[in-house]
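Structure, as structure tokens:
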Amino acid sequence: MPKTKQKSGSSKFRLRWFLPFVAALMPIILLSFYTYRVASESIQDLVHAENLSATSDVAQLLTQDITNTVGLMYAVASVPGTVGAVEKQDVIALISRMRALVIADPKIEQAFVTDAEGRLIAGHPTIEHEKEFSDREWFKSVIKTNKPVLSGVAYGTNSKKSVVPISVPIFNGEDDIIGILTFEYGTSHIVESLKNLKLTHGGNVFVVDQNNILVAHPDAGSNKKWKGDISKFIQAEGVIYTVEHVDPLMKKEMLATFLPINIGSNAWVIVAQQPTEAAYASLRRLRFNIGIAGGFLTLLTFVLVIGLARMSSRIQHLNVELTDKNIKLSETASIVRSSNDAIISLTKDGTIRSWNEAANKIYGFSEEEIIGKQMSLIVPEDKMAEHKDMMPKLLSGEAVQDFETVHIGKDKNEVPVSVTLSPVENERGKVIGVSATCRDITHRKEMQQMKDDFIGFVSHQLKAPISALKWTLEMIGDGDYGKVPETLKEPLSSMNEVVSQNSHLVGQILNASRIDRGVIEVETKPISLKAIAERAVRDYKIPIEQKGLELKLVGFDQNIIVEADEEKSAEAVKNSISNAVKHTEKGSITVEIKSENGFGIVTVTDTGEGMEKEMLERLFSRNKVKGKNTAAAGSSGLGLFIAKKFMELQKGDIMVTSELGKGTVFSYRLPLAK
């Protein structure tokens, strides 16, 4: 009995301390287990994130590069010179084009053109053995679908290098296929790019096609069988897998991420993998650290509770702030959704981040189609420069207000828009993006066009009766209708001057209207610069003499030949001579011709009253400042505007310098004839 009681008391003692010990130890054990599990999952997540980043980068590089290559091929195939060379079987011309393409893009191992029957026309480098391609799958697919075809990995036509053949149809003017342009896109540069990708725990990144053929591998190269099973990843298109597997090449267990992508009609998989042993090496160290940390957890519980309480209070405060911000964001989003203007947010590199319903209506792209794409999708190539020129101003925090330009919609139609660009700043005031508000001004432009057409029509209708009236007055003055009484000569002269002024005025309005409508043309040819200057001076010699001014002709002994439209060039120069006569009361008017830096130059220098700076800044615009030294009877104020447009149409220009009280110098530049 005594022994039994002693054993019973010992058991109770153990049980009394064992239960609190277990109660205190269980949270530590559970927390340690949970920490180890979280660490394990975190490592997996980190490896997955790194693998995903690497595969995404490679996918973007491949997709963009091949898309650019196909775009280049379409451009080359649709150029009239290429179409004409294929129709004429012009081997030399085609070889020249293929050589230029291969030299310009080192990724193109071979470029060649076949006719619609699959027979080789020309290629670069020269193809010695292969002359018939009608049995190739890419040829059959292009003929069948009338669309570009990207084939699987194969050996090059002229070499044992691994390539991906890309083929696009060449159409004639009747949309019939007359040939096929094929690029053999080398995989070696992909291999080199993959070699440069470094993952934290080693491993590699490679690309496999749907036939388990290596497109590019940093160690194995290209066009080799990969013994892994890729089919289940291809079938689950759009699903990214990260799994453990044994790599058949390295014979190691890997933590691999498989990213399926579509390249043309092919399904490729990009694989990024890291050795499992290296990835989980840190977990072994973690076990020891968890054991050490477990001993301190009980003491830290009270501190942790206090910390959690404070954190809870902070989170509650942040939730209130977040709710307020969400309300403001909802209000802003509602304004953006209901706006009739396209409101687009962009990153600093031009990537589209948001797209409202008005943008959908104006450009035709849905939000799903456009988000993540570049702004260049809706900005024509010839307008990109003006957008880039605005970036320094935006990055400095300034907005760009209401500049008019042209964008393109999904259907490739031009959309005239008025754009306002505003910088988007973060909490520290650093510009992190751009907000673009684009207003469709098609209706306004149409109304402007209607106005221009009406002005052009009215001016044209006025020109004929004014010309008839001018001829009749000249005939009366010349005595064709009998001797003119002395009492009528002065009134006839005044009427003739008024009619001449109105004829000149209508002519200027008509020219301005043609410029606005884009229907004015210049016919340039090699012409003597002296002939242009003499034609401009011809009608002003008598007025200059009558006003008591000296006319100086300088450099007229030179034989300078320019590429120009004689009539329009002389008309432009006449304008400054006319102004010089009107605004020079004493002194001289000098007309000089010379050549300089590939241009023939006509300068008109007067000793007149000169012009103010404000006038010079707006001299060549429609709305230039009117003042005592610009206003003249019968002047439309369009002369210098028209003159500048005439010179620009001939790839020339006008420059002017002036000083009040001393005179003005106009310089007309025309390209020298080649």
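Structure notes:
- Pairs meeting the criteria (first residue in the stretch 659-673 and farther than 18 Å from residue 609 by Cα, second residue aromatic (Phe, Trp, Tyr), beta carbons under 9 Å, at least 6 apart or on different chains) are 669/599; 670/599; 671/599; 672/599.
- Of all residues making up the stretch 63-117, the number that are touching a helix residue (DSSP H, G or I) at 6+ places or on another chain (Cβ under 6 Å) and part of a loop (DSSP other than H, G, I, E, B): 1
- Verdict on residue 401 being of a type in the set (S, T, N, Q) and either more than 19 Å from residue 340 (Cβ to Cβ) or modelled with pLDDT of 90 or more (or both): no
- Pairs meeting the criteria (first residue in the stretch 382-407 and within 17 Å of residue 345 (Cα to Cα), second residue charged (D, E, K, R) and not in a loop (DSSP other than H, G, I, E, B), beta carbons under 8 Å, at least 6 apart or on different chains) are 397/425; 400/393; 407/383; 407/414.
- Any hit, the stretch 617-634, residues being of a type outside the set (Gly, Ala, Ser) and at pLDDT 75 or above: yes
- Test: residue in the stretch 189-208 that is part of a helix (DSSP H, G or I) and either more than 29 Å from the chain's Cα centre (by Cα) or over 26 Å from residue 53 (Cα atoms) (or both): yes
- Filter result (out of contact with any helix residue (DSSP H, G or I) (no Cβ under 9 Å at 6 or more places or on another chain) and either more than 23 Å from residue 71 (Cβ to Cβ) or not assigned by TED's automatic domain parsing to the domain that holds residue 416 (or both)) within the stretch 363-395: 389, 390, 391, 392, 393, 394, 395
- Scan the stretch 243-261 for residues that are touching a Leu at 6+ places or on another chain (Cβ under 7 Å) and either among the polar types (S, T, N, Q) or part of a loop (DSSP other than H, G, I, E, B) (or both) and the total you get is 1.
- Residue within the stretch 186-194 that is charged (D, E, K, R), surrounded by 12 or more Cβ atoms within 10 Å (Cβ to Cβ), closer than 30 Å to residue 112 by Cα and free of Cβ contacts under 8 Å to residues at least 24 places away in the same chain present: no
- The listed residue being assigned by TED's automatic domain parsing to the domain that holds residue 104 and under 33 Å from the mean Cα position of the chain (by Cα), out of 178, 127: 178
The values are calculated or read from the model by the stated rules, or taken from the named source; none is laboratory data. This one's a predicted model, so the numbers in the text were calculated from it and none came from an experiment. Positions of Cβ are generated from backbone atoms using ideal geometry, with glycine treated the same way; all protein chains shown enter the neighbour counts.
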